Amino acid sequence: MAQEYPRFSDAEYVRRHKALGAVMEKAGVDHLLVITDHRAGNAPQWVTGWPGTVEAYVIFRPGEKMWMAVEWVNHFPLARKIAHDVEVHWGAHHGLQQMVNELKRRGAKRVGIMGPLGIAKFRQLETQFQMVLLDAEYIRLRQIKSEEELDWLRIGAALSDAGLAALLAGTKPGLTERELGAICESAYIKHGGTTMIHYIGVTSMAKPHIYVPPQHHSPRKVKKGDVVFCELSAYWWDYAGQVLRTFTVAAEPTPLFRDLYETAEAAFDSVTGAIRHGATMHEILDATGVIEKNGFTVCDDLMHGFGGGYFQPIIGTKSRMAGPLPDMKLEENMTVVVQPNVITRDHKAGVQVGELVRVTRSGFERLHRAKRGLFRVG
């Protein structure tokens, strides 16, 4: 964290580039494009270290120096400094054409692509090269974390925990949801963290008006007898934690909210108890059964892959499926968020519980250190 701009080791980039080369060989492509476009897509950061703030068009081929065009001109100096072993160019507002020219100079014929690209731009490439979509392969590369990536996720988890600790310490009657968001952010920005999300919901326990934390804060003020529930993720350079907690304000929980919370904790323990290398999706789904047994349901995916993206396995519960169960098993060093967002069946009240964990050979590892419990503040 003390580095001017954090960077993985040379060995870690060699590992990633070797993996990209294997994907290219299997797909039969001679060049690979790694794309961030219109601020969407994180593959260039994984490959080069540069976050791809607006546009980043990377050409990758094993054994050759990478080529990258970036926007905008004021971003160019930092991109050149941060990008690892890359020939960096300013795109001059026509970076795609620069990339096409470079591919032609190299004699490219069959080109793979990882990352989002607008349809008009993609069609421009299609008229000149045989294009092969490799996003699924990129996602697969991101699902299993290296030891260095796990270290960065632990930092992201610690930053997220800092936001939660500040929220618990600072919440009191009279503050608005917007002020709670500011309290949360202030805890990790000073350490180099950035915000992925801080969803914070505040509602009366006696007359709840929401059952899930909203994605945007309102000016509603915290009151005695409220419940606060949150989902917080702070980034450490594309590596975020995710912690979900519930607490009451200047009052003990009502019987309903205590039942909701205890059910959520039981579901968390049941699901994490089923997590291990080789665990099936049916085992995970069966472990959620305590929620329906207690008369509740969920409002969101109960478990999902996380760390570089929102990945499979994405699993709900039997009363709120998240689509067909994915045809896969858990693998060592996958990282997943277990988040039993338990709600009443009439969608009037709910709680948030959970956090990011690592799959191990025989179980799971907590990446967060935040205490668990139905806290009381204010």
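Quick check on the chain: helices-only [θ] at 222 nm, where DSSP H runs of length 4 and up contribute -39,500 (n - 2.57) each and the sum goes over total residues. Nearest 500, please. Could the numbers behind the result be given before it?
Details: 11 runs with 128 residues, N = 378.
The helix contribution divided over the chain gives -10500 deg cm²/dmol.
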> Which values, in whole Å and largest first, are the semi-axes of the equivalent ellipsoid of the range 1-93 obtained as the square root of 5 times each eigenvalue of the Cα gyration tensor?
Replying inline: 21, 17, 11
> Net charge near MET196, counting Lys/Arg +1 and Asp/Glu -1 over other residues with Cβ under 12 Å of its Cβ?
Replying inline: -3
> Tell me, how many Å apart are the Cα centres for the range 319-376 and for the range 248-284?
Replying inline: 8
> In whole Hz, what ³J(HN,Hα) sequence does the range 331-337 give by Karplus (6.51, -1.76, 1.60; θ = phi - 60°), x for Gly and Pro?
Replying inline: 10, 4, 6, 5, 10, 9, 9
> If amide H atoms are built 1.01 Å from N in the plane of the peptide, which residues on other chains or at least 5 residues away come under 5 Å of the amide H of MET334?
Replying inline: LYS145, VAL359
>> Which aspartates and glutamates, if any, have their Cα less than 19 Å from the Cα of LYS26, not counting same-chain residues under 8 positions apart?
In response: GLU64, ASP135, GLU137
> D for the range 251-378, whole µm²/s, Stokes-Einstein with Kirkwood Rh over alpha-carbon pairs at 4 °C and 1.567 mPa s: what number?
Replying inline: 87
> Under 5 Å between amide H atoms, partner at least 5 residues away or on a different chain: which partners does THR195 have, H built in plane at 1.01 Å?
Replying inline: TYR235
> Relative to the first principal axis of the alpha-carbon coordinates of the chain, what is the inclination of helix 10-27, with its axis defined by its Cα atoms, in degrees from 0 to 90 and to the nearest 10?
Replying inline: 70
> Sequence-distant or interchain residues sharing an amide H contact under 5 Å with HIS89, placed H: which?
Replying inline: MET68, ALA69, VAL70
>> Please list 3J(HN,Hα) in residue order for the range 36-53, calculated via the Karplus relation 6.51 cos²θ - 1.76 cosθ + 1.60 where θ = phi - 60°; whole Hz, with x for glycine and proline.
In response: 10, 9, 6, 6, 10, x, 10, 4, x, 5, 5, 8, 10, x, 8, x, x, 3
> Residues with beta-carbon under 9 Å from that of GLY115, excluding GLY115: net charge, scoring Lys, Arg +1 and Asp, Glu -1?
Replying inline: -2
> What list of whole percents do you get for P(r) of the range 106-188, with Cα-Cα distances grouped in 5 Å bins up to the one holding the largest distance?
Replying inline: 3, 12, 13, 10, 9, 8, 11, 11, 9, 7, 4, 2, 1, 0
> Relative to the longest principal Cα axis of the chain, at what angle does helix 177-189 sit, 0 to 90 degrees, rounded to 10?
Replying inline: 50
>> Below 11 angstrom from the Cβ of GLY52, what's the summed charge of the other residues (Lys, Arg +1; Asp, Glu -1)?
In response: -3
> What number, in percent, do you get for the relative contact order of the chain if the mean sequence gap of Cα pairs under 8 Å and at least 6 apart is divided by its residue count?
Replying inline: 14
> For the range 108-113, in order, what is each residue's ³J(HN,Hα) by Karplus, 6.51 cos²θ - 1.76 cosθ + 1.60 with θ = phi - 60°, in whole Hz (x at glycine and Pro)?
Replying inline: 5, 10, 10, 10, x, 9
> To two decimal places, what compactness ratio does the chain give when its Cα radius of gyration is scaled by 2.2 N^0.38 Å?
Replying inline: 1.08
> Using a Cα distance threshold of under 22 Å, what count of lysine pairs results for the range 147-377 when pairs must be 8 or more residues apart or interchain?
Replying inline: 16
>> Tell me which trypsin sites (Lys or Arg not before Pro) from the range 138-208 have a DSSP coil assignment and no more than 11 other beta carbons within 10 Å of their own.
In response: LYS190
> Quick one: helix 255-274 against the long Cα principal axis of the chain, what's the angle to the nearest 10°, folded into 0 to 90?
Replying inline: 40
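We did not get these values from a lab; they are worked out from the coordinates using the rules stated. Nothing here was measured: the structure is a model prediction, and the numbers come from that model. Note that we place each Cβ from the backbone using ideal geometry, even for glycine, and neighbour counts take in every protein chain shown.
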